[in-house]
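Everything on this sheet refers to the single structure shown next.
Any read-out appearing in this document is the output of simple, stated calculations on the displayed coordinates, not a laboratory observation. All values reported here derive from a predicted model rather than from experimental measurement. In this analysis, Cβ positions are derived from the backbone assuming ideal geometry, glycine residues included, and neighbour counts consider all displayed protein chains.
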Amino acid sequence: MSKRLNVQIERSKRTRFSSAVRKLECLRPVEKTYIVQEDLLRWKIPARDIELTGKNETITGAKFDFRDEIIELASKIFRRDHMERLRTCLQCGKCVGSCPSGRMTSWRIRRLLQEATLGLRDNVCSDENLWDCTTCYTCQERCPHGIPTTDIVRVIRNLAVRSGHMKEKHKKVCQMFLTYGHAITTSDEIRNIRKRHGLRELPPTVLSHPEKLKEVLYILEKTGFKIIVEGSGK
Ligand code: SF4
Ligand code: SF4
């Protein structure tokens, strides 16, 4: 359910807490936002200086370990210093404003980053919209903080699958891979189209080298791919 945040801070406190106010105001124009009690403490904003009006939500005891988990896994694939930038997201919304998928669906990259930061692991991993990102990298190119947003989406998808959240369609594709060593099989129609375009009838993969299937399946088993796929899905 969407919630709109409306935070008011006395004008006289604004200078004193200007940086914190900026941060809070960055949070304002979004559909669903949380104010984290720990952030108020970190920014040294006494609770009495904050007036929450409307349908607001405050969170106490937010766990940041999910963000750490994302950074940890991401750092095994990408540069750690890039991934650490996730901690600097100010919720400015430039990413979501430039997201082509967000114009057509209810996918919101900014919201994902916020929920991930707040440790809302279940929300993030079970969110069907997570799969609506086309990984076009527009948001990553435009983020003023250089946060590798798209790479983070890819890492979160991995974590979601490991937690048992995988779409049935994706699972079918993975099953094809486990059966044929190739995510897309062939057919007479596809072979003819390839021929018409001057390509070999079969691509240079396991489809052309069935004797290599055993090796591919060995890799899929050793890397844990098989267990992950067979153990996931709703
Ligand atoms: S990821 Fe970047 S563009 Fe998106 S809200 Fe955070 S700082 Fe802004
Ligand atoms: S990479 Fe995903 S979240 Fe980023 S702009 Fe493209 S579709 Fe949107």
Problem set entry | Ascending count of other beta-carbon atoms within 10 Å, so fewest first, for Val216, Val153 | Val216, Val153
Seminar exercise, completed: Expressed in nanometres to one decimal, the distance between label points 7 Å along Cα→Cβ at Phe225 and Asn123 is 3.4
Exercise. Taking a spot 7 Å from the Cα of Asp68 along the direction of its beta carbon, which residues of the stretch 91-119 have an amide N less than 17 Å from it?
Worked result: 116-119
Exercise. How much length is gained on full extension from Thr134 to Lys212, taking 0.36 nm per residue of separation minus their Cα-Cα distance?
Worked result: 25.0 nm
Seminar exercise, completed: Stretched fully, the stretch from Thr88 through Glu189 gains (0.36 nm per residue minus C-alpha distance, one decimal, in nm) 31.3 nm
Seminar exercise, completed: For the stretch 151-158, in residue order, the Karplus 3J(HN,Hα) values (coefficients 6.51, -1.76, 1.60; θ = phi - 60°; whole Hz; Gly and Pro = x) are 4, 5, 4, 5, 5, 5, 4, 4
Seminar exercise, completed: Listing Thr149, Thr179, Thr117 by rising number of other beta-carbon atoms within 10 angstrom, fewest first, gives Thr179, Thr117, Thr149
For this session: Determine ³J(HN,Hα), in whole Hz, for all residues of the stretch 110-117 in sequence, where each value follows from phi through the Karplus function 6.51 cos²θ - 1.76 cosθ + 1.60 and θ = phi - 60°; x replaces Gly and Pro.
Result: 4, 5, 4, 5, 5, 5, 5, 5
Seminar exercise, completed: The answer for Met166, listing residues at least 5 apart or on another chain whose modeled amide H is closer than 5 Å to its amide H, is Gly233, Lys234
